[in-house]
Structure formats: structure tokens, C-alpha cells
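Here the structure is laid out as C-alpha cells; the discussion comes afterwards.
The values are calculated or read from the model by the stated rules, or taken from the named source; none is laboratory data. It should be emphasised that the depicted structure is a prediction, and the values quoted were computed from it without experimental measurement. Cβ placement follows ideal geometry from the backbone for every residue including glycine, while neighbour counts extend to all protein chains displayed.
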Amino acid sequence: MLQDKVKMSLFLFAYNPFPLSEVAAILQSEGIETTPMSLNLTGNKPVKDRIAKAALMVRESGVVDIGDRANKVRQMIGEQASLWVCAPTLNETDRQRVFQCGATEVFSPSGWSVTQVAERILGELIKQGELAQTSCGSLYGATLCMRNLYNQIERFAGLEDPVLILGETGTGKELIARALHDHSQRNKGPLVKVNCASVPRELFESEFFGHVKGSFSGAVRDRLGRFQAADGGTLFLDEVGEIPMDLQSKLLRVLQEGEFERVGDDSPTKVDVRIIAATNRDLHNEIAAGRFREDLFYRLCIFPVMVPPLRERLADIPLLVNHLIADYCQAQNVKPQVATHTLDCLFEYDWPGNVRDLNNVIKRAVAFSRQSESVSVVALNEALQQSQVTRLRLTQTAPEKGLTVAFDPATDNWALIQQRMQSAYFRALLEHTGGNREEAIRLSGLGHSRFYEILRKLGQAEENTKGE
């Protein structure tokens with residue numbers, strides 16, 4: 001599946017002092033053959049090597065003529081090579097002059113640390129397809145951490161043991177589960193997804209194992225559970241860390257024995273299911289706190305997959321933006337373009353919501369640019385500002401810890417914010433009681449029927465918004 005072969009080499013140019021060798025080392029670690037070349041101000045001979053791409057770093061702003069330096073490098077490398085100029089943010093007049101002096105792209109890093117410069121250059125290399133693989137299924141990225149992830153998917157997909165996907169919200173855990181299934185020998189069978197957080201405690205056994213008609217009030221017909229529905233395929237247990245402690249033993253038994261009894265049925269049912277689980281929780285902390293069974297953890301975590309957050313692979317942003325815009329614009333029947341320098345501001349944000357957060361920003365920016373043929377810097381900055389507003393917190397007091405609820409006043413109405421507050425409160429309440437719902441009912445001051453009614457509604461709401 002994965003090929004790490006690099007198609008080209010990159011020459012880095014800069015006038016002293018600039019840590020060219022350190023930038024080159026980072027790019028080389030990502031698989032880019034990189035040659036640093038320090039320049040002087042008096043004269044430089046043409047480069048004899050055949051150059052496909054070159055990058056000129058100019059850190060000074062207003063002190064030197066960036067266009068003049070770009071022109072000198074252009075004379076050295078010839079007319080056929082691409083020349084990228086990595087410089088402080090320029091106004092449109094200065095940017096056009098740098099283009100006239102021989103640059104093919106002009107962009108700015110989020111700062112001038114070695115890492116910031118390297119990741120901005122790497123972002124352009126990835127966007128232009130200079131690394132062999134930039135995707136796996138619906139996952140996009142070509143940084144080293146993503147290529148390692150693709151390798152893991154390739155190695156683990158054909159195995160039968162469980163995979164545990166660990167990563168923050170919005171990193172694409174469900175996409176990884178889909179890729180593992182699609183690349184497995186079970187890809188002709190079903191991929192059944194369960195959001196464990198949305199399954200009410202009293203319906204857990206019926207949801208997972210099924211029931212027979214008349215086994216309890218409301219069981220008007222036989223029902224297949226998720227395990228039986230996934231027979232011959234894959235069962236994806238999303239948010240597995242949300243399963244109440246006292247119900248985890250029931251899941252453990254199925255994993256150990258490969259069989260279960262439906263509710264109201266004494267005869268065991270055997271299934272052939274491959275398990276993939278995912279969580280954004282630190283399960284080691286959950287085990288220490290007594291909220292997750294250690295034996296279940298080791299049963300699930302035979303092959304762990306760590307998903308990198310977006311802030312650790314910022315160089316993938318230009319590539320991701322291209323795909324996100326293409327997908328969104330196809331659905332909305334619009335075709336705005338994004339200039340290279342327009343993406344600079346996206347490298348300055350820490351992306352707490354990861355790729356899902358980036359997707360929201362791109363959708364807003366496209367909406368703000370609907371009457372234009374291109375997404376402007378102003379539109380992207382406005383979209384980013386709304387994401388930062390989303391990080392405002394409504395803080396309430398809950399047992400032993402503060403609750404935080406994110407909202408965006410530009411897009412979220414009061415009913416949606418109330419739902420999020422209610423969901424956060426119930427999660428914290430059940431966490432505080434270790435999943436003991438009777439104690440949670442006592443602390444909440446609600447009646448039994450009202451408590452379970454709210455819980456069911458929250459579960460349904462989470463299921464409906466899961467794919468957003």
C-alpha cells in the first residue's frame with residue numbers, strides 16, 4: 001500500500017545567518033532529499049546540479065529587497081526550476097514584485113523557528129504531490145506520522161485480533177476503522193458501527209446481543225443485536241471508554257468466548273466478528289480511577305493505533321484544504337480557489353478540534369467567499385475567528401470538577417447550547433458516580449422517568465450528529 005519513494009530533491013537557499021542545515025534535517029527526516037546552500041551578498045555562481053524545486057528563505061522584512069534576492073537565486077538555478085520564496089507577510093504590491101523577479105510561489109511561515117519554517121515548506125511539497133502517498137481511504141496527509149499510520153493500517157488490516165484506535169476528537173478515528181475494514185479480508189461483510197456513549201444502560205444487552213419477542217415489556221418481536229448484525233464482518237465500538245463499568249464484563253465475555261445469549265434466550269449464539277474499538281479517553285487513567293476494566297483494556301488493545309492530532313502535522317493542512325474544499329464545493333456547486341499565501345494563517349492556529357475543526361473553518365470561509373472565485377485571506381481569518389469564539393466556555397459547577405461547553409454564537413441557537421450543557425452535565429454526573437445511575441438520579445434531583453427520558457434523548461442526539 002505505502003511507498004516512501006521521493007520523486008524529487010529540494011535545494012534550500014538563504015543568506016547568512018540562517019540555520020539552513022537544521023531546516024534541511026527536518027525535511028530529510030520526512031523523506032525529502034534536501035540540499036542546504038548558504039548564499040553571500042557579493043556574488044554566487046550558477047548551480048550545476050539540475051534543480052526541480054528551490055526554496056529561498058528571507059527572514060528580514062523592510063531591510064532587504066526580497067525581489068532582488070529572488071532574482072539572484074533565479075539566475076543561479078535557471079528558468080526551469082520552481083522557486084518558492086518563504087518570507088514575512090507581504091502586501092499585494094510587494095508580492096507581485098517578487099513574482100515578477102522569478103518566484104513561482106510566495107508564502108509565510110507562522111514564525112521563524114526551524115520547525116515553523118520546515119513545516120510550511122513541507123506543506124507545499126505535500127500539496128503538490130511530492131511524496132508518494134498522500135491518502136489512505138478517506139484519510140489525507142503525507143507527513144511522516146501519517147505515513148506511519150498508513151503503514152499500521154496496512155499491517156493490522158489483515159489480522160483478526162482487535163484494534164484499539166486512540167486519538168482526540170475530530171482526528172478521524174472512524175475513518176481509520178473504515179480503512180481497516182476495507183483493507184481486510186472481511187471487506188465483503190458488514191461494518192457495523194456503535195456509538196457506545198449513546199446506548200442507554202438498560203438497553204445495553206438488547207442493543208449489543210439482541211432479544212427475543214416477549215423477553216421484556218416492549219419486546220414485540222425478535223431483534224438482532226449489533227454483534228449478530230456484524231457476523232462475518234467488523235464491529236466498530238466507538239467511544240468504548242463510555243461503557244459503564246458494570247456492563248464491561250458482558251462485552252469482555254463475548255470477546256473471550258465468541259458467543260452470547262440474547263435477552264430472553266438461554267441458548268448461546270456464536271458469531272464471527274472482528275472488533276475495532278476507539279476512544280478519546282486515556283484508558284490508563286480510566287483504569288486507575290476504577291472506571292474501565294484492565295482485563296478488557298488488554299483484550300481490546302492487542303494492536304493499538306495512535307492517531308496524531310492536527311497540530312502535530314500542520315504540514316498536511318494545504319493538502320487537507322484542497323480535499324475539503326473539493327468535497328464541500330461539489331456538494332454546494334461552487335468552485336472557489338485558494339491561493340498558496342492565503343493558507344498561511346491556518347498554520348498559526350492550534351486546532352483543538354483537529355480535522356473536524358479545519359473542515360468547519362473551510363466551510364465558513366467558502367460561505368463567506370460565495371460571491372468570489374477565490375477564498376480570501378479575510379474570509380479565512382473571519383472563519384478562524386469564529387472557531388476561536390467557539391472555544392469560549394460556559395462554566396458551571398458540577399461534582400468535583402468544572403464543566404466546559406463550547407459554543408459559537410454565530411451558528412448555535414439556545415436550544416443547541418442547552419442540549420450541549422445537558423449532555424456535559426450528564427456525562428460528568430455519571431463519571432462522578434462511576435456509572436451508578438441510581439446515585440446519579442439521587443444527585444440530580446430528577447425522577448427516574450425524567451432521568452431516563454433525558455438520557456435517551458441525549459443518546460439519540462449524539463447518534464444523529466456523529467457524522468458531522
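The table that follows gives values for the structure above.
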read-out: Residue match in the stretch 184-193 (condition: small (G, A, S), out of contact with any helix residue (DSSP H, G or I) (no Cβ under 8 Å at 6 or more places or on another chain) and farther than 21 Å from K457 by Cα); value: yes
read-out: Residue selected from the stretch 441-468 under the condition of a type in the set (A, V, I, L, M) and under 33 Å from the mean Cα position of the chain (by Cα), by the criterion modelled with the lowest pLDDT; value: A461
read-out: Count of the stretch 61-108 residues which are touching a helix residue (DSSP H, G or I) at 6+ places or on another chain (Cβ under 6 Å) and more than 23 Å from L125 (Cβ to Cβ); value: 2
read-out: Residues of the stretch 100-118 that turn out to be surrounded by fewer than 16 Cβ atoms within 10 Å (Cβ to Cβ) and under 16 Å from A54 (Cα atoms), as a count; value: 1
read-out: Out of A230, A277, A288, sole residue that is over 21 Å from K173 (Cα atoms) and at pLDDT 90 or above; value: A288
read-out: Residues within the stretch 265-277 that are surrounded by 16 or more Cβ atoms within 10 Å (Cβ to Cβ) and of a type outside the set (S, T, Y), tallied; value: 6
read-out: Residues of the stretch 182-208 that turn out to be in contact (Cβ under 8 Å) with a residue 60 or more places away in the chain, polar (S, T, N, Q) and either in a strand (DSSP E or B) or closer than 23 Å to R450 by Cβ (or both), as a count; value: 2
read-out: Wholly enclosed helices (runs of 4 or more DSSP H) of the stretch 87-158 bearing at least 3 residues farther than 22 Å from P19 by Cα and out of contact with any strand residue (DSSP E or B) (no Cβ under 8 Å at 6 or more places or on another chain); value: 92-100, 144-157
read-out: Members of the stretch 253-284 that are over 13 Å from F227 (Cβ atoms), of a type outside the set (S, T, Y) and not in a loop (DSSP other than H, G, I, E, B); value: Q256, I276, A277, A278, L283, H284
read-out: Every residue from the stretch 328-340 that is closer than 18 Å to A383 by Cα and part of a helix (DSSP H, G or I); value: Y328, C329, Q332, T340
read-out: Qualifying residue in the stretch 366-383 (condition: more than 22 Å from the chain's Cα centre (by Cα) and touching a residue at least 40 places away in the same chain (Cβ under 8 Å)); value: yes
read-out: Qualifying residue in the stretch 94-115 (condition: in contact (Cβ under 8 Å) with a residue 40 or more places away in the chain, of a type in the set (A, V, I, L, M) and farther than 22 Å from S9 by Cβ); value: no
read-out: Residue check, A70 under 17 Å from L10 (Cβ atoms), assigned to a helix (DSSP H, G or I) and small (G, A, S); value: yes
read-out: Boolean, V240 is under 30 Å from A289 (Cβ atoms), touching a Cys at 6+ places or on another chain (Cβ under 8 Å) and of a type outside the set (F, W, Y); value: yes
read-out: Qualifying positions in the stretch 169-188 - at pLDDT below 95 and buried (at least 19 other Cβ atoms within 10 Å of the Cβ); value: G170
read-out: Residue under evaluation T169, criteria (1) in a helix (DSSP H, G or I); (2) within 14 Å of the chain's Cα centre (by Cα), criterion not met; value: (1)
read-out: Looking only at the stretch 39-64, and only at residues there that are part of a loop (DSSP other than H, G, I, E, B) and under 17 Å from S108 (Cβ atoms), the one that is modelled with the highest pLDDT; value: V58
read-out: Among the candidates D344, D295, D350, D357, residue that is modelled with pLDDT under 95, charged (D, E, K, R) and surrounded by fewer than 17 Cβ atoms within 10 Å (Cβ to Cβ); value: D350
read-out: Filter pass, F107 being at pLDDT 90 or above and under 17 Å from L319 (Cα atoms); value: yes
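Here is a yes/no grid of residues against (1) at pLDDT below 95; (2) touching a Ser or Thr at 6+ places or on another chain (Cβ under 6 Å); (3) among the small types (G, A, S):
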{"residue": "E124", "(1), (2), (3)": "yes, no, no"}
{"residue": "E130", "(1), (2), (3)": "yes, no, no"}
{"residue": "C136", "(1), (2), (3)": "yes, no, no"}
{"residue": "L149", "(1), (2), (3)": "no, no, no"}
{"residue": "A157", "(1), (2), (3)": "no, yes, yes"}
